[in-house]
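J.: One structure, pasted below without further comment.
The values are calculated or read from the model by the stated rules, or taken from the named source; none is laboratory data. It should be emphasised that the depicted structure is a prediction, and the values quoted were computed from it without experimental measurement. Virtual Cβ from ideal backbone geometry, glycine too; neighbours counted across all protein chains shown. Each accessible area value is taken on the protein alone, full model and side chains, heavy atoms only, with ligands, DNA and RNA left out. Shrake-Rupley method; radii C 1.70, N 1.55, O 1.52, S 1.80 Å.
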Amino acid sequence: MHWWVQAYAKGWFPMAHPTHGGLDLWRSQSRALIPLDQDFRVPRSVRRSLGRDTFQLSLNRSFDAVLRGCAERPDTWISGELARIYRQLHRAGWAHSVEVWEGEELAAGLLAIGIGSCWIGESMMHHRDHAGNVMLVRLVEALRDSGYILFDVQLSNQHLERFGCREIGDPAYTALLRQARSRPTTLRLGESTVRCEGWMRE
């Protein structure tokens with residue numbers, strides 16, 4: 001498992017190949033980040049959802065359910081092999097899930113890798129309208145309050161751009177990653193905590 005952590009710590013990420021199904025390591029010339037400073041934006045419609053928020057958030061309460069929700073979509077890139085790797089990384093303390101609950105029902109979730117003060121969002125799922133947006137806002141607040149440097153979402157899209165998601169070039173991303181990956185950090189979200197150990201190896 002250390003091989004996979006080292007790949008993430010150097011800016012690579014795995015994806016199942018769309019043709020042969022095997023795993024490939026990818027590295028983009030630009031990387032999409034959710035800002036953890038004043039550049040993060042909360043759209044007006046999302047503010048209304050936050051105002052009548054009935055959701056509760058947790059960390060690592062239901063990792064397998066979140067993983068299944070992310071993997072069982074028509075457009076998923078998470079193969080069975082990659083799902084097994086995520087489960088192994090979770091048992092080793094590197095892969096995490098964020099859950100959004102409406103009562104006892106799982107409303108949304110995020111699969112992520114945590115290395116030091118770098119939080120890498122791998123995939124997101126939702127079953128309830130607005131639950132994913134509430135999760136993103138509350139997660140950004142928690143990452144900011146916990147001292148994280150980097151919230152990497154790998155690839156941008158129009159939805160994330162509404163929140164201020166921006167792309168930076170690979171040299172700038174690598175510099176941020178080197179700073180973030182070596183600093184152990186504890187994420188606090190609601191009543192849950194997750195310890196993200198640092199990675200010191202080259």
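J.: Residue check, Arg138 against (1) surrounded by fewer than 18 Cβ atoms within 10 Å (Cβ to Cβ); (2) basic (Lys, Arg); (3) farther than 18 Å from Arg181 by Cα, all met but one. Which one?
T.: Condition not satisfied by Arg138: (1).
J.: Wholly within region 119-202, which strands (runs of 3 or more DSSP E) include no fewer than the required count, namely at least 1 residues that are farther than 28 Å from Ser45 by Cβ, in contact (Cβ under 8 Å) with a residue 12 or more places away in the chain and in contact with a strand residue (DSSP E or B) (Cβ under 7 Å, 6 or more places away or on another chain)? Can you show your working first?
T.: Working: elements: 150-154, 166-169, 185-189, 192-196.
Answer list for region 119-202: 166-169, 185-189, 192-196.
J.: Residues of region 120-149 being within 10 Å of Leu189 (Cβ to Cβ) and in contact with a Phe, Trp or Tyr (Cβ under 6 Å, 6 or more places away or on another chain), which ones? Outline the logic, then answer.
T.: Of the residues in region 120-149, the ones within 10 Å of Leu189 (Cβ to Cβ) are 135, 138-139, 141-143, 145-146.
Residue satisfying the conditions is Leu143 alone.
J.: Oh, and also: Restrict the check to region 59-70 and report whether at least one residue is small (Gly, Ala, Ser) and part of a strand (DSSP E or B).
T.: Our first condition is that a residue be small (Gly, Ala, Ser); within region 59-70, this holds for 62, 65, 69.
Now restrict to residues that are part of a strand (DSSP E or B): none.
No - not one qualifying residue is present in region 59-70.
J.: Still on this structure, please answer the following. If the requirement is being of a type in the set (Phe, Trp, Tyr) and farther than 17 Å from Glu197 by Cα, which of these qualifies: Trp101, Trp94, Trp119?
T.: Details: Trp94 fails: farther than 17 Å from Glu197 by Cα; Trp119 fails: farther than 17 Å from Glu197 by Cα.
So the residue among Trp101, Trp94, Trp119 that is of a type in the set (Phe, Trp, Tyr) and farther than 17 Å from Glu197 by Cα is Trp101.
J.: Looking for something surrounded by 21 or more Cβ atoms within 10 Å (Cβ to Cβ), among the β-branched types (Val, Ile, Thr) and not in a helix (DSSP H, G or I) - is there at least one such residue anywhere in region 83-104?
T.: Scanning region 83-104, I find at least one residue that is surrounded by 21 or more Cβ atoms within 10 Å (Cβ to Cβ), among the β-branched types (Val, Ile, Thr) and not in a helix (DSSP H, G or I), so the answer is yes.
J.: Listed residues Leu23, Leu59; which is in contact (Cβ under 8 Å) with a residue 12 or more places away in the chain and open to solvent by less than 30 Å² (accessible area, probe 1.4 Å)?
T.: Working: Leu23 fails: open to solvent by less than 30 Å² (accessible area, probe 1.4 Å).
Checking each option against the conditions leaves just Leu59.
J.: Consider region 169-202. How many of its residues are closer than 23 Å to Asn133 by Cα, of a type outside the set (Ser, Thr, Tyr) and surrounded by 13 or more Cβ atoms within 10 Å (Cβ to Cβ)?
T.: 5
J.: Looking at region 142-168, which of the residues that are charged (D, E, K, R) and surrounded by fewer than 14 Cβ atoms within 10 Å (Cβ to Cβ) is nearest to Ser117 (Cα to Cα)?
T.: Here is the first cut: in region 142-168, the ones charged (D, E, K, R) are 144-145, 152, 161-162, 166-167.
From the residues that got through so far, the ones that are surrounded by fewer than 14 Cβ atoms within 10 Å (Cβ to Cβ) too are 145, 161.
Working: Asp145: 12, Glu161: 22 Å.
Among residues in region 142-168 that are charged (D, E, K, R) and surrounded by fewer than 14 Cβ atoms within 10 Å (Cβ to Cβ), the one nearest to Ser117 (Cα to Cα) is Asp145.
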